[in-house]
Amino acid sequence: MINYSLEASGLNKSFGRRLIFNDLQFKFDKSGVYGISGPNGSGKSTLVKIIAGIIGASQGKIFHKLDEKEIAEEHIHNHIGFVSPYLVLYEEFTTYENLKLFADIRGVKFNQERVDYLLNKFLIFKRKDDLLKTYSSGMKQRVKFIFALMHSPQLLILDEPTSNLDDEGKNSVYEIVKEEGQKNIVLIASNEKNDLELCDDTVYLEKYKN
Amino acid sequence: MNSKAYSLFLKDFKSELRTRYAINALAMFIIVAISVILFSVGNEKISASLTGGLFWVVIFFTAMSGLSRAFVSEEERGTTLALQLVAAPTTVFSGKLIFNIILVFAMNTVIAILYSAMFDAFVIQNFLLFLTSFVFGNIGLAVSSTIIAAIIAKAGAKGTLYPVLAFPILLPLILTSVQLTLFAIDGISFERAKFELAIVVSYDVIMLTASYMLFDFIWKE
């Protein structure tokens, strides 16, 4: 039984005079896979950044609750895993070094067993000691998934999760999404039909333009 | 929080050893700045008070050449988001501050040693007063440089904006530190320098408090 919930209340975001979305409401309090969809420029990435606490909303609020208690803004990052094409990890470090240093900065124990499981799942175990700058963009995208999943977050936010990935990589992502969706909340922001087919419910951002 | 900030500092330290983003810039600037002063002075005999002022000029411009890297390098490489996803703003600021404090102390110690070796007139009579002003001056310089780096990291013209924004903020610290260095050169006692010392300590406390209060707003877009 999931004890995490995500709720948006009267969410509004504008950049200057340009309205991105207005009076956005949703509540996800059951484990599952949820989608955020809309045409290019509709604000999918903006919304996931607001949910992750990276940028603020112009009006309204996002509530992250654990056991019915609201999580303080400065602790939200401990409950979230985030993957996006614009997320960049440290290229001067190896995959293993990156994951270890992120665990240390986050203040959680480096779970070697889980990291090795994820490295195998995303088929990069053999390259774990190579510098990230030697990786292809698809391999970097796989490392981002491990970065997002290594601390077992209750909310997994995936912004265009299958970009840069080959078929093998996409299958790994879909398997992980289904696996995580059984016990946690998975949020997918995408336009890809295959990505959205995994979702139990989808928020269409074009409905919130007025 | 402390161990997380220390981990972030270690990350920056290891990253610096591999990329040499700031160390090379600082080392080159120290050598160039001291060489330019040496060439411009030539065979002229400069007064002790002038060496005290020039000492802080070298420190100010060297700081401007390398200390912005704390946040600018994260922004330029696009790794800011990764940090936002793993740490609270106070952790990030503390980690970056530890790195800059160590960098400032290393940089200014090298400047002080080279400067003493190159300029005969730069003779400190009251070493304890110089050391005290050096320590508090460096802390103030590191705190101010770190928060200004965070502010300018998202701007377009970072290189220009950094010294322009830093100058008015650092001016009270630099002026007072120059005065304290002159006192130390003249051998003036601690008792007579306590007003200037109080200004430097107050500056450090105010900047540190203001930085922690402001950083949340700066860090979140």
Leaving ligands and nucleic acids out of the surface, order B:M118, A:M139, B:M28, B:M107 by accessible area at 1.4 Å, largest first. B:M28, B:M118, A:M139, B:M107
Hull volume in cubic angstrom per residue (convex hull over the Cα atoms of chain B): 118 Å³
Filter the DSSP H helices in chain B by two things, a Kyte-Doolittle mean of at least -1.0 and an axial alpha-carbon span of 20 angstrom or more, and list the hits by number. B:2-19, B:23-41, B:48-66, B:89-118, B:127-152, B:158-186, B:194-219
With the Cα gyration tensor of segment B:170-221 in hand, convert its eigenvalues to equivalent ellipsoid semi-axes via √(5λ) and list them largest first in whole Å. 31, 10, 6
Take every residue in peptide B:77-84, count the Cβ atoms of other chains within 10 Å of its Cβ, and give the average of those counts. 6
Given Cα positions, please report Rg to Rh for segment A:4-208, the hydrodynamic radius being the Kirkwood one. 0.96
With all protein chains present and a 1.4 Å probe, the order of B:R77, B:R69 from largest accessible area down is B:R77, B:R69
Let me know the mean shielding of A:101-111 by other chains, meaning the per-residue number of their Cβ atoms within 10 Å of its Cβ. 5
If you average the alpha carbon positions of segment B:198-218 and of segment B:23-84, how far apart do those two centres end up, in angstrom? 22 Å
B:I199: accessible area at probe 1.4 Å, nearest 10 Å²? 60 Å²
Roll a 1.4 Å probe over the protein heavy atoms and report the accessible area of B:L38 in Å², nearest 10. 60 Å²
Which number do you get for Rg(Cα) / (2.2 N^0.38 Å) in the protein assembly as shown? 1.16
Using Cα pairs closer than 8 Å and at least 6 residues apart in sequence, work out the relative contact order for chain A, in percent. 33 percent
Can you give the helix-only mean residue ellipticity at 222 nm for chain A, where every DSSP H stretch with n ≥ 4 adds -39500 (n - 2.57) and the sum goes over all residues, rounded to the nearest 500 deg cm²/dmol? -9000 deg cm²/dmol
Shielding of B:194-202 by partners, i.e. mean partner chain Cβ atoms within 10 Å per residue? 0
What do you get for the angle between helix A:137-149 and the principal long axis of chain A? Use alpha-carbon atoms, 0 to 90 degrees, nearest ten. 70 degrees
Going by a 1.4 Å probe on protein heavy atoms, which residues of segment A:39-55 end up with at least 30 Å² less accessible surface in the whole assembly than in their chain alone? A:I54, A:I55
Solvent-accessible area buried by A and B, counting both chains, probe 1.4 angstrom, square angstrom: 2200 Å²
For chain A, percent of DSSP beta bridges that are antiparallel (nearest 5) comes out at 50 percent
Measure of exposure for A:E74: accessible area at 1.4 Å probe, Å² rounded to 10, is 90 Å²
Taking 8 Å as the Cα distance limit and 6 or more residues as the minimum spacing, I'd like the relative contact order of segment B:2-219 as a percentage. 28 percent
1.4 Å probe accessible area per residue over segment B:2-219, in Å²: 44 Å²
Accessible-area composition of segment A:48-139, carbon plus sulfur, in percent [1.4 Å probe]: 50 percent
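The values are calculated or read from the model by the stated rules, or taken from the named source; none is laboratory data. The shown structure was predicted, so the numbers you read here are calculated from the model rather than taken from an experiment. With ideal geometry, Cβ positions are generated from the backbone for all residues, glycine too; neighbour counts draw on all protein chains shown. Remember, those area values only see protein heavy atoms, side chains included, never the ligands or the DNA or RNA. Shrake-Rupley method; radii C 1.70, N 1.55, O 1.52, S 1.80 Å.
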